[in-house]
Amino acid sequence: MIKKQMLDEFNEQIKLEMESAYLYLAMAAWFDGRSLNGMGAWMKAQATEEMEHAMRFYDHILDRDGKVVFEPLGIKKTEWDSPINAFEDALDHERFITSRINHLLSVAQEHKDQAAHNFLEWFVNEQIEEEATASKICDDLKLVGDSGYGVLMLDRELGQRTATPASGEKGA
Ligand code: OFO
């Protein structure tokens, strides 16, 4: 059975992953409201992935006879100055989530919780990808400038994204 501190931290992480989904949905609404529907679609796909991340913690807790607790969600921001401002916030947010995953790993180590440690390894790799992707989009937006034709082209490119299939296979 999962220890109380690990359980509390994992329940907190469910909330943070769901808040990530909320943040990306707020960004989607901001982009869609400006007819940047490719970026809006990218954000919606990202939100779907975040809900899947939350559900990985949900499954892990239940698989180990813990109790899942849903805490009220908070949302910090719903307006941005520009596309790059939104993507920079996304990158900052992913850096924060990476620090949370590292914290969870240290709690797992402290409690010698090998199951939690193995479970978290997937997130370590996922966070490398999440940060790299957001960082690349920020770089592209810096190159094309924050308005005009370049942004439209990038909007079309980002609109090609679909959410990573929700695996169904845990840990995939
Ligand atoms: Fe769940 O990875 Fe982003 O926040």
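Checked against (1) charged (D, E, K, R); (2) more than 21 Å from residue 117 (Cβ to Cβ); (3) within 15 Å of the ligand (Cβ to nearest atom), residue 79 passes all but condition (3). Of the residues making up the range 1-42, those that are under 23 Å from residue 83 (Cα atoms) and touching a Leu at 6+ places or on another chain (Cβ under 7 Å) are 18, 19, 22, 38, 39, 42. The residue that is farthest from the ligand (Cβ to nearest atom), among those in the range 1-44 that are over 18 Å from the mean Cα position of the chain (by Cα) and small (Gly, Ala, Ser), is 35. Filtering the range 125-165 down to residues that are at pLDDT 90 or above, within 15 Å of the ligand (Cβ to nearest atom) and β-branched (Val, Ile, Thr), which residue is surrounded by the fewest Cβ atoms within 10 Å (Cβ to Cβ)? My answer is 128.
Yes or no, residue by residue, for (1) at negative phi; (2) surrounded by fewer than 16 Cβ atoms within 10 Å (Cβ to Cβ); (3) among the aliphatic types (A, V, I, L, M):
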position	(1), (2), (3)
9	yes, no, no
26	yes, no, yes
39	yes, no, yes
44	yes, no, no
58	yes, no, no
63	yes, yes, no
74	yes, yes, no
91	yes, no, yes
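The values are calculated or read from the model by the stated rules, or taken from the named source; none is laboratory data. Owing to the predicted nature of the structure, the values given are computational and were not obtained by experimental measurement. So basically every Cβ, Gly included, is an ideal-geometry build from the backbone, and we count neighbours across all protein chains shown.
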